[in-house]
Amino acid sequence: MTSQTNKEGTPKERIRIGVIGDHDPNLMGGIRVHVVRLSRSLEAMGFAVINHYPRADPIIDLFRLYWRSDIVHVNMTNVFMILALTLMRFLFSVKSLYITVHEDVLRSSGIKLKVLKLSARLCDHLFVLNDDSRAWAKAFLAPSKYSLVTAFLPPTAQENLLSQGDKDLAARIDALRPKFEKMFLTYGSHLCYDSKNQEIYGVSQLFDLFCDLQHHLLIIVDPTGGYKETLRSKHVPENILFVNERVNFTNLINLSDAYIRNTTTDGDSIALREAVFYGLTSFATDVVSRPDNVDIYPLNDLEALQSLILSMKGRSNSRPVSRDKLEQQIAPSQSVLEFYQRAFA
């Protein structure tokens, strides 16, 4: 949308987009970050955006969103919620409904996969985040009905502002850094488990690994405090620092030497994409397709991860210096925003 006037030169009513997020907006998490950045970007493009978070907002606000919106864009992982929100479009005669599934769809099976397929058929466009999910969609949807995109959108100017807490944390880390060879960063939005009862973010594995790698510093971003509580019976060595408050994640990326994504499943990790975006050396499990420039290791193969960590010795961590150069790393065709630009030009 490049113009806000019609052919007669009179003001044109803005298209209203209802953007629904999965998680409480007050918590850190990839979907929350995506929804915030998507909403701000759509506003900048000239759309009127209405946000709703089912876990935090009254249900009456959800009804208002459907009543007022021309387009509804659902960002979810729960397949039953996705279907419910998809069916609601018919009650309110929403013109278009889009879905972004923020996980590997093949993580679902049986009835869950059938429910997700029904939602995909009923929506106007499906956004998937990795190669396995694209192969699944390709089997039953026309090419015009789905897109493989990245969930990552570049940080906005508002996100680069540092709070006093961010500055205090940076000072603590600066005081610790001289004691260690390298600093590694990992992130888990909350303590959760997969269908095999494995801890999804693999933080406990990293904790045990770095207990044996005490010449390296590990920063664990644990905004809910769930991991620290689980590991409280263990001695926490000096080289492991839990960060249990909301922080500027970009600031931690800029302080670190490498990022580790030790997950058992994933959609398209925004934290990992952000690390790559800022030129940070990154290691990740092989459970889904990963961005270029990420060193991959097999799930649960901590010896392979340890080899990658030890390979950092003596390596300089050069970063792109130009914002333009950074933004060139995200091809427009990979972005949800490119779809909106094409559809509403």
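The values are calculated or read from the model by the stated rules, or taken from the named source; none is laboratory data. Not measured: the values here are computed from a predicted model. All Cβ positions, glycine included, derive from the backbone under ideal geometry; neighbour counts span all protein chains shown. Please note that ligands, DNA and RNA were not included when accessible areas were found on the heavy atoms of the full protein model with its side chains. Shrake-Rupley method; radii C 1.70, N 1.55, O 1.52, S 1.80 Å.
Structure data summary
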{"read-out": "Residues Cys211 and Met45, FRET efficiency given R0 of 45 Å [Cβ-Cβ distance, rounded to 0.05]", "value": "0.40"}
{"read-out": "In order through the stretch 150-161: 3J(HN,Hα) via Karplus (6.51 cos²θ - 1.76 cosθ + 1.60), integer Hz, x for Gly, Pro", "value": "9, 6, 7, 10, x, x, 8, 4, 4, 6, 7, 6"}
{"read-out": "Mean ellipticity per residue at 222 nm, deg cm²/dmol - from DSSP H runs of n ≥ 4 across the chain, formula -39500 (n - 2.57)", "value": "-10500 deg cm²/dmol"}
{"read-out": "Rg to Rh, two decimals, where the stretch 251-310 supplies the alpha carbon set and Rh follows Kirkwood", "value": "0.93"}
{"read-out": "Exceeding the 23 Å Cα-Cα cut-off - candidates Lys167/Lys234; Lys138/Lys196; Lys112/Lys228; Lys112/Lys145; Lys117/Lys145; Lys167/Lys313", "value": "Lys167/Lys234; Lys138/Lys196; Lys112/Lys228; Lys167/Lys313"}
{"read-out": "Cα-based shape type of the stretch 70-193, given that a ≥ b ≥ c are square roots of the gyration tensor eigenvalues and the cut on a/c is 1.5", "value": "prolate"}
{"read-out": "Förster-model FRET efficiency, 51 Å R0, Asn300 and Glu13, C-beta, rounded to 0.05", "value": "0.40"}
{"read-out": "Segment Ile59-Phe80, length gained on full extension (0.36 nm per residue, minus Cα span)", "value": "5.9 nm"}
{"read-out": "Whole-angstrom gap from the stretch 191-211 to the stretch 299-315, using each part's C-alpha centre", "value": "17"}
{"read-out": "Net length gained if the chain between Thr230 and Tyr193 were fully extended (0.36 nm per residue, minus Cα distance)", "value": "12.0 nm"}
{"read-out": "Accessible solvent surface per residue of the chain, calculated while the other protein chains remain in place, 1.4 angstrom probe, Å²", "value": "46"}
{"read-out": "Overall form of the stretch 167-273 per C-alpha gyration tensor (a/c, 1.5; a/b vs b/c)", "value": "prolate"}
{"read-out": "Amide proton proximity set for Ser282, modelled H, under 5 Å, gap of 5+", "value": "Tyr259, Asp295"}
{"read-out": "Heavy-atom accessible area order for Met312, Met88, largest first, 1.4 Å probe", "value": "Met88, Met312"}
{"read-out": "Backbone HN-Hα couplings from phi across the stretch 238-251 [Karplus 6.51/-1.76/1.60, Hz, Gly and Pro as x]", "value": "5, 8, 10, 10, 8, 10, 9, 10, 5, 9, 7, 5, 4, 4"}
